[in-house]
Amino acid sequence: MFEVMRRPNARENHPKHDARRRLHDALTQDRVDLGPEAMDTLRQELLAVIAKYMDVAEGFQEFEVRRVEGWPALVTSLRVRERQQELNLR
Amino acid sequence: MTGTTIVITSGKGGVGKTTTTANLGTALAMRGHRVVVIDTDIGLRNLDVIMGMESRVVFDLIDVVEGKCKPHQAMVRDRHRYELYLLPAAQSRDKDSLHAEQLQALCRNLENEFDYVIVDSPAGIDQGFRVAISAAREAIVVVNPEVAAIRDADKVIGLLEAAGLRRPKLIINRVNAEMVRRGDMMGQDDIVSLLSVEVLGMVPMDERLIIATNRGVPVVHDRKAPSGAAFLKIAARIDGDEVPAPALDSRSGLMDRVRSLIGTDRSAYSHV
C-alpha cells in the first residue's frame, strides 16, 4: 500500500521528467523566439490585465506555446470565479 | 499509376534516417509495391552501403539530373526484391549540384512508374534539406527519445509545415522499452505532448539491426529482429493499413493504471 502511495511522487523525479521539462521550455523559446524571462513577464502582465475584468481564482492552469494546425499558438487556461454579486442582486 | 513521394528527414544527424529509408523502402517492396529510394545526401553517400548495393553503383542522382544518363541506368535493383530500386547520391560532388526543380521533375517522373518514391534527406536544415523536401508530398520525421533530437525535430516540423508539408508524421527510433518503463527515457506520450504530431511507430533499440547493417541487408529481412518487425508495422501504416496503435497509447483502463503504479505491469512497453 505504501508502495502505491509513494510511486506517483517517485515518478516525477524520473530522469525523463527532467528531459521533458527542459525540452518544453526550450521548444517554447524556439517557437516564439521569447526567452524564459520574457515569458514570465508576459504571464504576469496578462494575469494583471485579465484581473481588471474578471475575478481570477488562481494562476494559469495552462500557459504554453503549442503547435496548433501547424502554427505556434499561445494556449492558456485560467480559472475565474463566478460573478456571485450579480447573481445575488437578481 | 501515380505514386507518392515521401521525404525522410530529422534535422539532427545520426538518428537513423538512412536506416529508416532503407527499411521502409524494403518493407513497402515486400508488400508488393514498386519502390525507389533516393539518396539526396550529395557527397556523403550512404544508402547504398546500408542496402548492400555499393558495389553495383555506376551512375548517380547528379548524372541523372544533369542528363548524363537515364534514370534507369543509374538505378540499382535490389537483389532480394526486384520491385525495389536505389538511386544513389553522387559521392564526389557537393550539395549545390542538386536543385529543387531538378529533383521535383525527377520525382514527378518516377511517380508515374513507382508506387512509392522515398527521398532520404541529408541532416541539417540548409540547402540540401530544402532541396530534399521540395519534391515530397508527405514527410516523415525520424527522432530519438533524447533532448537534442527532439528539439531539432520540432524545428524541422515547423519548416516542413511552412513549406506546405502539413502534418508530418513521426518515427521514434532507438527506443529502449525497459528504460521507458523505468521512467529513465521519454516514451511516446512524452514526445507527442512536446511535438504534437502523429506517431507512425516506435522502433526499439536492437542489436540485430547493427548486425544487419554490417551485412548490408535491411533488418526487415530478419524475422527475429524486433526492429525489423517495427519497420514492417510502420510500412503497413504508411500503406493505409489499420495497425493497432503502439502499446504506450493503450494504457487507459483503471486496472492498468493500478498495475503501472505498483510496478507489476511489466508488459506494457514490451511490444514497442
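The values are calculated or read from the model by the stated rules, or taken from the named source; none is laboratory data. A quick note: this is a predicted structure, and the numbers were derived from the prediction, not measured. FYI the Cβ positions are ideal-geometry reconstructions off the backbone, even for glycines, and counts take in every protein chain you see. Only protein heavy atoms, including side chains, enter the accessible area calculation; ligands, DNA and RNA are left aside. Shrake-Rupley method; radii C 1.70, N 1.55, O 1.52, S 1.80 Å.
Looking at (1) farther than 22 Å from B:Thr2 by Cα; (2) open to solvent by less than 80 Å² (accessible area, probe 1.4 Å), which one does B:Gln102 not meet, given that it meets all the others?
Against the list (1) farther than 22 Å from B:Thr2 by Cα; (2) open to solvent by less than 80 Å² (accessible area, probe 1.4 Å), B:Gln102 comes up short only on (1).
Here is a list: A:Gln29, A:Gln85. Which entry is exposed (fewer than 12 other Cβ atoms within 10 Å of the Cβ), assigned to a helix (DSSP H, G or I) and either in contact with a strand residue (DSSP E or B) (Cβ under 6 Å, 6 or more places away or on another chain) or modelled with pLDDT under 85 (or both)?
Checking each option against the conditions leaves just A:Gln85.
Tell me, yes or no, whether segment B:64-79 has at least one residue that is modelled with pLDDT under 95 and either out of contact with any strand residue (DSSP E or B) (no Cβ under 8 Å at 6 or more places or on another chain) or farther than 15 Å from B:Ile140 by Cα (or both).
Yes, because at least one residue in segment B:64-79 is modelled with pLDDT under 95 and either out of contact with any strand residue (DSSP E or B) (no Cβ under 8 Å at 6 or more places or on another chain) or farther than 15 Å from B:Ile140 by Cα (or both).
Mind checking whether some residue in segment A:48-63 is under 28 Å from B:Lys155 (Cβ atoms) and within 14 Å of another protein chain (Cβ to nearest Cβ)?
yes
Which residue pairs have Cβ atoms under 6 Å apart, sit 6 or more places apart or on different chains, and have a first residue in segment B:230-244 that is among the hydroxyl-bearing types (Ser, Thr, Tyr) and a second that is buried (at least 24 other Cβ atoms within 10 Å of the Cβ) and not in a loop (DSSP other than H, G, I, E, B)?
none
Examine segment B:56-74 for a residue that is basic (Lys, Arg) and crowded, with 19+ Cβ neighbours inside 10 Å, and state whether such a residue exists.
no
Results for (1) under 30 Å from A:Thr28 (Cα atoms); (2) within 14 Å of another protein chain (Cβ to nearest Cβ); (3) in contact with a His (Cβ under 7 Å, 6 or more places away or on another chain); (4) modelled with pLDDT under 95, shown as yes or no for each residue.
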residue	(1), (2), (3), (4)
B:Met179	yes, yes, no, no
B:Val199	yes, no, no, no
B:Val220	no, no, no, no
B:Lys233	no, no, no, no
B:Ala236	no, no, no, no
B:Asp265	no, yes, no, yes
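Pull out all pairs, ordered by first then second residue, where Cβ-Cβ is under 7 Å, the residues are six or more apart or on different chains, the first lies in segment B:114-134 and is within 14 Å of B:Thr4 (Cα to Cα) and without any contact (Cβ under 8 Å) to a residue 60 or more places away in the chain, and the second is open to solvent by 10 Å² or more (accessible area, probe 1.4 Å) and not in a loop (DSSP other than H, G, I, E, B).
B:Ser134/B:Ala100; B:Ser134/B:Gln104
Kindly state which helices (runs of 4 or more DSSP H) lie completely within segment B:134-208 and contain at least 3 residues that are open to solvent by 10 Å² or more (accessible area, probe 1.4 Å) and closer than 16 Å to A:Pro72 by Cβ.
B:147-162
What number of residues within segment A:11-21 satisfy the criterion of being open to solvent by 50 Å² or more (accessible area, probe 1.4 Å) and modelled with pLDDT under 90?
Result for segment A:11-21: 5.
Take the residues of segment B:105-133 that are within 26 Å of B:Ala153 (Cβ to Cβ) and in a helix (DSSP H, G or I): which is most open to solvent (accessible area, probe 1.4 Å)?
B:Arg130
Residues are listed down the side, and each one gets a yes or a no for (1) small (Gly, Ala, Ser); (2) in a loop (DSSP other than H, G, I, E, B):
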| position | (1), (2) |
| --- | --- |
| B:Val36 | no, no |
| B:Leu44 | no, yes |
| B:Val49 | no, no |
| B:Gly52 | yes, yes |
| B:Gln73 | no, no |
| B:Arg79 | no, yes |
| B:Tyr82 | no, yes |
| B:Tyr85 | no, no |
| B:Ala89 | yes, yes |
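Given the criteria away from every other protein chain (no Cβ under 12 Å), at pLDDT below 80 and over 19 Å from B:Asp190 (Cβ atoms), does A:Glu37 qualify?
no
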